[in-house]
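The block underneath contains the structure these notes are about, expressed in structure tokens.
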Amino acid sequence: MKNFGRNFIIAFLMVLAIYQTGELWFGGLSDHNFFSFFSERSADDTDSPYILNRLIINLGDNKIVCRANGIYESEYKKIFDRAVSAAVSRGSFKNNSGGLDWNSLLQNRCIIYEYNCVFKGSDISGIFNIRGDNYNRITPHDTIIISPSSDSSVMTVIFYNTESGEYTGMELRDSGIIGQCYEECSIFDQEEQSIYYISSVRNGFNIFKSNEFIPRWQTESYEYPLIEPRAMLTDSAAIENNANIFFGNPAGKTVSRQGGTYTFSDETAVVKYYDTGVLEYSNYRAEGSGTDSFSDNYSAAVRLISQDSFVKNQYFLDSYEYSDNTYVFRFNYNINDLSVIMSDELKEKTGMASFIEVTVTKGKIDRYKKYSYRYVTSQKDKATASIDFINAVDGLYAELYKNGVTKAVDDISLCYIAGNKSFGLSWIVDIEGVSHVVDTKAGD
């Protein structure tokens, strides 16, 4: 009997060890993938990460600060997110008569979330973990404006569509989050900025269709370091190490090479690395068991990217498409609080419209593509920006309209346009649905 008891205990411990090892390797996934790409979100989660293009803080004294990098690790964004959730969950709808009065809004402190995509009310329900069903009455929007009063008595949260001009306002009273939002803005008032922002409406620039937050430099010109591209997968070992993250059992995969293309595969996954620098993962598992909501599928996409240790730059959602329960999410990068996007030459080389593309159906990753480069600030090469937004627009008008008739500017942005070599800042000016690139460096 003693031997039986001892053997039973040993057998039990062996089974327990095997179970725990399985949990470590498979994390409860039925598809035996190493990473928990499709796990459920915590009930306490708010705002799916890396969805914002930029966060703008208006301090109320014609000083405007922009943040794109590092905002998801900050305490202030957690406070702002809770303010949005509280306003929609517990607030009342505000009468929205007439167009949005930017002049009035910008006289006081406010926090502005700028997205590159338009979201429905049901999308933000998941993004901000909103309780109740008030979100169903919110208009499609690409901008959220949080406006707390200085005496902490009331806060308005506006969901605004920059294209149509439509918006929905929510009003929240008697909440401690109001004063927290107002006071949190103070930390941005203490920082010196080499680039600051102005409102086109507040400064009387009526060449724009709607209000634009436009960057300017403190002096006549702006000297800054160039951005350098660095290949992440420089040899076969690095390529295989990156491919391994997509396999539950990397040792069981097959490997082949034809020309400049590496192929790694098992019974459910194929990873290809092309000599263009593109890595592509295709997933052939059974259909996903998740929902077709934006937030669930977006979260699955971001969880996958977060497991790719070869992605070094902060990314943001630049655009997405939805059709037949399938989402295609496209991500670009942020550096120095400005966007980095692909040049036309790089798009043609890679066959991609952005640095990262993720296709998701009902929580299941179908495909993941990325351009396997990171971007760093140069330690030696600098450039000087001397063409401001006024000169950029005036130059385009002179080029496009010979008879003196001009058209309103749809949008303007200052960004880095990535190529195969070091690159600097450019203006992108949208007029009549066409994007025009203007270098910030004056010609010789």
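The values are calculated or read from the model by the stated rules, or taken from the named source; none is laboratory data. This one's a predicted model, so the numbers in the text were calculated from it and none came from an experiment. Counting neighbours? That spans all protein chains shown, and the Cβs are built from the backbone with ideal geometry, glycine included. Remember, those area values only see protein heavy atoms, side chains included, never the ligands or the DNA or RNA. Shrake-Rupley method; radii C 1.70, N 1.55, O 1.52, S 1.80 Å.
Annotations for the structure displayed:
- A 1.4 Å probe over all protein chains sorts SER413, SER354 by accessible area into SER413, SER354, starting with the largest.
- Anisotropy class of the chain from Cα gyration tensor, a/c 1.5 cut: oblate
- The modelled label-to-label distance for the pair ASP151/ASP411, using points 7 Å beyond Cα in the direction of Cβ, is 4.0 nm.
- Of the residues HIS141, HIS436, the one with the largest accessible area comes first in the ranking HIS436, HIS141, computed with a 1.4 Å probe on protein heavy atoms.
- Rounded, prolate or oblate (a/c below 1.5 giving rounded, otherwise prolate when a/b exceeds b/c) for segment 256-337 by Cα gyration tensor: oblate
- Prolate/oblate/rounded call for segment 143-208, Cα gyration tensor, a/c under 1.5 rounded: oblate
- For segment 142-220, applying the loop criterion from DSSP together with a ceiling of 10 other beta carbons within 10 Å to the GluC sites (Glu not before Pro) yields GLU191, GLU192, GLU220.
- In the assembled protein chains, LEU233 presents an accessible area of approximately 10 Å² (probe radius 1.4 Å).
- The residues of the chain have, on average, 48 Å² of accessible surface per residue, using a 1.4 Å probe with all protein chains present.
- Euclidean distance of C-alpha centroids, segment 290-305 and segment 204-233, integer Å: 31
- Taken about its Cα centre, the chain carries a charge dipole of roughly 1100 debye when the Cβ of each Lys and Arg holds +1 and the Cβ of each Asp and Glu holds -1.
- Between the amide H of ARG54 and those of GLU114, distances stay under 5 Å, these residues lying 5 or more places away or on another chain, with hydrogens modeled in the peptide plane.
- Helix-only CD estimate at 222 nm, as mean residue ellipticity for the chain, using -39500 (n - 2.57) per DSSP H run (n ≥ 4): -7000 deg cm²/dmol
- Using the Cβ-Cβ distance between GLN190 and GLU223 with R0 set to 22 Å, the FRET efficiency from 1/(1 + (r/R0)^6) comes to roughly 0.40.
- Residue range of the chain that is longest and free of chymotrypsin sites (Phe, Trp or Tyr not before Pro) which are both DSSP loop and sparsely packed (at most 14 other C-beta within 10 Å): 1-283
- Accessible area in the full protein assembly, largest first, 1.4 Å probe, for VAL154, VAL255, VAL88: VAL255, VAL154, VAL88
- Counting DSSP beta bridges with both ends in the chain, the antiparallel % (nearest 5): 95
- Were the residues from ALA286 through ARG202 laid out at 0.36 nm apart, the gain over their Cα-Cα distance would be 24.8 nm.
- Heavy-atom accessible surface of segment 186-231: percent carbon and sulfur, 1.4 Å: 41
- A Förster radius of 30 Å, combined with the Cβ-Cβ distance separating THR263 from SER309, puts the computed FRET efficiency at roughly 0.90.
- Fraction of accessible area attributable to carbon and sulfur, segment 305-363 (%, probe 1.4 Å): 40
- DSSP H segments from the chain that extend 30 Å or more along their own axis, Cα-based, with Kyte-Doolittle mean of -1.0 or above: 2-26
- Applying a threshold of 25 Å to the alpha-carbon distances of LYS253/LYS370; LYS209/LYS369; LYS347/LYS441; LYS63/LYS407; LYS253/LYS369 flags LYS209/LYS369; LYS63/LYS407 as lying beyond it.
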